[in-house]
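Peer 1: Can you read through this structure? Questions will come right after.
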Amino acid sequence: MDNSASRSKSESTPVIEVEGLAKEYRVHDKPEGLAASVRSLFHRTSRVVEALRGVDLRVGRGEFVALLGPNGAGKTTFLKLLSGIITPSRGTARVLGHVPWVRENEFRRRFALVMGQRNQLWWDLPAAESFRLHREIYRIEPSRFTRVRDELVDLLGVRQLVLQPVRELSLGERMKLELVAALLHEPEVLFLDEPTIGLDVVAQHTIHAFLRHVQAERRVTVMLTTHYMKDVAALCERVIVITHGDILYDGSLADIVDRFTTHKIVTLDLDEVPSPARVARYGFPCEVRGPRVVLRVDRGRIAEVLPDILRDEGVRDVSVEDVPLEEIVAELFRSTRTRPVGAPAGAAP
Amino acid sequence: MSGRSVPLEPDRHVASPRLLEGLRVWCTMLAICLEERLVYRGDFLLGTAMRFLPIVTQIFLWTAVFSATSRADIAGYTRDDVVAYYLLTMLTRAFSSMPGLAGGIARSIRDGSIKKFLVQPVDFIGFLLAARVAHKLVYYAVAIVPFAAVFLLCRGYFPPPPDAPTVLVFLASLVLAFLLGFFMEATLGMLGFWVLEVSSIVFGYMLVQYLLSGHMFPIDMLAGIPTGIPGVNVADLVQWLPFGYTAYFPAAVWLGKIEGEELFRALAVEVGWVVVMAIACRAAWHRGTRRYGAFGG
């Protein structure tokens with residue numbers, strides 16, 4: 001244990017090392033109807049659900065990783081395993097050189113998990129009291145505690161809220177204070193489970209800027225799950241897509257676009273309303289509304305199609321964009337939903 | 001290697017002895033739990049007032065029982081003794097009863113809020129104990145007024161106060177009653193790792209507790225009932241169980257019903273049960289957390 005702990009300090013060793021990590025849950029089926037319910041008192045049928053099927057992963061110090069996947073894909077299970085809340089069915093994991101589910105205090109002082117809204121803060125007390133408790137349980141030196149707390153609170157602009165009972169705060173305010181509580185002990189690894197869920201755009205932006213700052217300043221290794229592509233685009237260099245408990249994609253955000261899209265979106269504002277047949281020459285018309293046309297054009301053909309359009313049509317305005325990330329990811333999720341269980345993970349058809 | 005990557009700075013906390021440090025954390029938890037509890041002080045005031053209602057019906061009942069019989073005492077208890085006994089069990093139950101403890105633990109297992117205690121370097125049982133001590137302290141601060149008033153009004157029912165050593169044993173038995181009640185209910189709550197809902201188990205426990213703790217009647221009244229084993233009556237058996245120590249025992253000590261060698265044996269049995277339940281509670285926590293997450297998300 002000591003050996004590996006000291007090894008993890010070297011820059012070359014990954015902060016998170018996962019091999020063949022699998023988690024199976026036993027779930028009980030409760031059939032519909034009263035009679036069936038009575039029968040199930042005597043014969044309970046249960047089946048095994050594979051939430052995670054042998055995942056391999058390495059994450060280096062200071063990386064900012066997004067875990068994407070549809071609901072039930074295994075993202076939260078993965079975070080729970082890495083933070084030691086649950087034990088795996090098979091496989092190994094080391095975070096900062098520790099096996100998470102052994103739950104050594106030395107390990108627990110070096111990472112933080114933010115999962116859900118009512119997490120670490122005491123509901124009926126001001127957040128300042130929860131912070132004080134963290135100072136004790138994480139053994140934070142008082143002067144250091146004050147410095148870190150003030151810095152975090154100012155970064156998120158919540159200084160005036162720390163003395164107000166948490167139950168009186170809004171969702172966004174609570175999440176910001178949860179983040180402060182999680183970072184007071186300056187964890188080296190931070191796990192975030194949907195940190196921006198339900199927040200307005202302003203709060204999302206504040207949290208993005210905050211996380212970027214903290215990660216850059218402290219070289220914290222961050223792994224977050226999210227359904228918002230804005231989170232990913234703003235924060236993460238590396239994206240891991242999980243579906244059905246398998247890693248489907250692991251790479252940069254830019255590569256996802258390259259790898260999983262074959263076309264670009266061309267939006268034209270024309271002088272006059274075109275005939276559908278005419279614009280169909282350039283690409284697939286997704287939308288024709290008056291003089292405004294949205295076309296899907298093969299990426300390879302963009303260079304030859306654009307000059308034609310500009311020469312032959314009366315164009316007022318033109319824009320060429322990548323397919324929105326949301327659509328790519330939604331397509332990625334959809335394409336795997338029908339994939340037979342056990343089929344090799346690969347590019348979407 | 002940068003200074004940032006050193007996991008724990010060698011500050012003065014690390015140098016201080018483990019036990020002292022644990023105590024500091026515990027005291028902070030206690031202080032914060034106290035603050036949290038004070039939010040609900042009004043609720044306590046009402047709850048305390050309600051607690052005195054059942055005792056009034058008990059007094060009426062026993063007055064009726066004594067007026068229907070010509071005997072001056074029943075199983076060694078005069079009418080005054082019975083009233084004093086009920087008032088004293090009310091006091092001991094203010095130490096040993098743990099409203100909401102088992103259900104609260106089971107709920108936090110079910111709704112997942114227990115995960116905080118798996119992620120943070122903090123002991124869950126130590127935390128529960130701090131929360132419960134805080135709960136009791138705030139309760140006593142509020143309840144002392146009605147309690148003092150009732151005991152003052154009813155002082156005529158009590159025999160003269162016992163000698164100093166007996167008072168000390170009485171106080172010790174109250175503290176032990178608190179610990180015993182705490183560990184028994186906390187262990188029941190940990191069953192939430194295995195079953196979805198512990199409320200029916202808790203209900204069964206309360207029922208047994210009500211009968212065998214002396215809450216319903218002094219358990220030495222069971223001495224007249226044979227068990228079938230020659231020379232052993234029901235009271236002899238019940239005194240080896242933990243329940244009586246949460247209501248009957250401290251009251252009986254104050255009233256001088258248990259003395260000498262018998263008193264020390266009873267204290268030893270009580271300490272034994274506190275240790276057994278504390279170990280059971282911790283074992284249930286260890287096994288439970290290992291099992292946690294085997295079912296559902």
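Peer 1: Quick one: in the stretch B:96-146, of everything that is hydroxyl-bearing (Ser, Thr, Tyr) and within 12 Å of another protein chain (Cβ to nearest Cβ), which residue is farthest from A:His134 (Cα to Cα)?
Peer 2: So, considering only residues that are hydroxyl-bearing (Ser, Thr, Tyr) and within 12 Å of another protein chain (Cβ to nearest Cβ), the one farthest from A:His134 (Cα to Cα) is B:Ser108.
Peer 1: Hey, another quick one. Quick one: in the stretch A:117-144, which of the residues that are within 28 Å of the chain's Cα centre (by Cα) and surrounded by fewer than 17 Cβ atoms within 10 Å (Cβ to Cβ) is farthest from the other protein chains (Cβ to nearest Cβ)?
Peer 2: Taking the stretch A:117-144 first, the residues within 28 Å of the chain's Cα centre (by Cα) are A:117-123, A:127, A:130-131, A:134, A:138.
From what's left, surrounded by fewer than 17 Cβ atoms within 10 Å (Cβ to Cβ): A:117-118, A:123.
On the way: A:Gln117: 11, A:Arg118: 7, A:Trp123: 8 Å.
Ranking the qualifying residues of the stretch A:117-144, first place goes to A:Gln117.
Peer 1: For B:Thr28, only one of the following conditions fails: (1) buried (at least 17 other Cβ atoms within 10 Å of the Cβ); (2) farther than 20 Å from B:Met206 by Cβ; (3) away from every other protein chain (no Cβ under 12 Å); (4) without any contact (Cβ under 8 Å) to a residue 60 or more places away in the chain. What is its number?
Peer 2: Here B:Thr28 clears every test but (3).
Peer 1: Moving on to the next point. So, in the stretch B:252-275, exactly how many residues are surrounded by 21 or more Cβ atoms within 10 Å (Cβ to Cβ), within 14 Å of the chain's Cα centre (by Cα) and aliphatic (A, V, I, L, M)?
Peer 2: Residues that pass the stated criteria total 1.
Peer 1: Oh, and also: Test each condition in (1) at pLDDT below 90; (2) over 30 Å from A:Lys75 (Cβ atoms) for A:His227 and report the one that comes out false.
Peer 2: For A:His227, the exception is condition (2).
Peer 1: Now for a separate question. Within the stretch A:32-83, track down each residue that is among the aliphatic types (A, V, I, L, M) and under 26 Å from A:Gly97 (Cα atoms).
Peer 2: Answer for the stretch A:32-83, where residues must be among the aliphatic types (A, V, I, L, M) and under 26 Å from A:Gly97 (Cα atoms): A:Ala51, A:Leu52, A:Val55, A:Leu57, A:Val59, A:Val65, A:Ala66, A:Leu67, A:Leu68, A:Leu79, A:Leu81, A:Leu82.
Peer 1: Follow-up. When residues of the stretch A:61-106 are filtered for being under 21 Å from B:His286 (Cβ atoms), crowded, with 21+ Cβ neighbours inside 10 Å and within 8 Å of chain B (Cβ to nearest Cβ), how many remain?
Peer 2: Adding up the residues that qualify gives 5.
Peer 1: Further question on the same structure: Among the residues of the stretch B:219-235, is any assigned to a helix (DSSP H, G or I), over 27 Å from B:Ile74 (Cα atoms) and among the β-branched types (Val, Ile, Thr)? Give the derivation first.
Peer 2: Step one: list which residues in the stretch B:219-235 are assigned to a helix (DSSP H, G or I), which gives B:219-224, B:234-235.
Filter once more, so that each one left must be over 27 Å from B:Ile74 (Cα atoms): none.
The answer is no; no qualifying residue exists.
Peer 1: Then there is this: A:Arg147 versus (1) surrounded by 15 or more Cβ atoms within 10 Å (Cβ to Cβ); (2) more than 8 Å from every other protein chain (Cβ to nearest Cβ); (3) more than 23 Å from A:Thr196 (Cα to Cα); (4) not acidic (Asp, Glu): which is the lone unmet condition?
Peer 2: Of everything listed in (1) surrounded by 15 or more Cβ atoms within 10 Å (Cβ to Cβ); (2) more than 8 Å from every other protein chain (Cβ to nearest Cβ); (3) more than 23 Å from A:Thr196 (Cα to Cα); (4) not acidic (Asp, Glu), A:Arg147 misses just condition (1).
Peer 1: Looking at the stretch A:81-94, I want the residues that are assigned by TED's automatic domain parsing to the domain that holds A:Val114 and have a partner that is among the aromatic types (Phe, Trp, Tyr) and in a strand (DSSP E or B) with Cβ atoms under 6 Å, at least 6 apart or on another chain. Which pairs are those?
Peer 2: Partner pairs satisfying both residue conditions: A:Ser83/A:Phe191.
Peer 1: Same structure again: Test B:Pro159 against the criterion of being touching an Asp or Glu at 6+ places or on another chain (Cβ under 9 Å) and within 14 Å of chain A (Cβ to nearest Cβ), and give yes or no. If you could, list the steps in order and put the result at the bottom.
Peer 2: Values: touching an Asp or Glu at 6+ places or on another chain (Cβ under 9 Å): yes; within 14 Å of chain A (Cβ to nearest Cβ): no.
In short, no.
Peer 1: While we're here: If the requirement is being surrounded by fewer than 18 Cβ atoms within 10 Å (Cβ to Cβ) and more than 13 Å from every other protein chain (Cβ to nearest Cβ), which of these qualifies: A:Ser46, A:Ser37?
Peer 2: A:Ser37
Peer 1: For the stretch A:215-331, list the strands (runs of 3 or more DSSP E) that sit wholly inside it and hold at least 3 residues that are free of Cβ contacts under 8 Å to residues at least 12 places away in the same chain and not hydroxyl-bearing (Ser, Thr, Tyr); which are they? Outline the logic, then answer.
Peer 2: Details: elements: A:221-225, A:238-243, A:246-252, A:263-270, A:284-289, A:292-298, A:315-322.
It comes to A:284-289.
Peer 1: Only one of A:Glu32, A:Glu63 is of a type in the set (Asp, Glu) and touching a Lys or Arg at 6+ places or on another chain (Cβ under 7 Å); which?
Peer 2: Values: A:Glu32 fails: touching a Lys or Arg at 6+ places or on another chain (Cβ under 7 Å).
Criteria check complete, one pass: A:Glu63.
Peer 1: While we're here: Is it the case, given these coordinates, that B:Pro146 is surrounded by fewer than 16 Cβ atoms within 10 Å (Cβ to Cβ), touching a Phe, Trp or Tyr at 6+ places or on another chain (Cβ under 7 Å) and not polar (S, T, N, Q)? So that I can check it myself, show each step before the final result.
Peer 2: Numbers: surrounded by fewer than 16 Cβ atoms within 10 Å (Cβ to Cβ): yes; touching a Phe, Trp or Tyr at 6+ places or on another chain (Cβ under 7 Å): yes; not polar (S, T, N, Q): yes.
In short, yes.
Peer 1: Please tell me if B:Thr69 is under 26 Å from the mean Cα position of the chain (by Cα), at pLDDT 75 or above and surrounded by fewer than 11 Cβ atoms within 10 Å (Cβ to Cβ).
Peer 2: Values: under 26 Å from the mean Cα position of the chain (by Cα): no; at pLDDT 75 or above: yes; surrounded by fewer than 11 Cβ atoms within 10 Å (Cβ to Cβ): yes.
Answer is no for this residue.
Peer 1: Another question, then. Among (1) closer than 19 Å to B:Ile32 by Cα; (2) part of a helix (DSSP H, G or I); (3) aliphatic (A, V, I, L, M); (4) within 14 Å of chain B (Cβ to nearest Cβ), which single condition is A:Leu163 missing?
Peer 2: Against the list (1) closer than 19 Å to B:Ile32 by Cα; (2) part of a helix (DSSP H, G or I); (3) aliphatic (A, V, I, L, M); (4) within 14 Å of chain B (Cβ to nearest Cβ), A:Leu163 comes up short only on (2).
The values are calculated or read from the model by the stated rules, or taken from the named source; none is laboratory data. Predicted model only: the values in this text are computed from it and were never measured. Here Cβ is always computed from backbone atoms with ideal geometry, including for glycine, and neighbour counts include all displayed protein chains.
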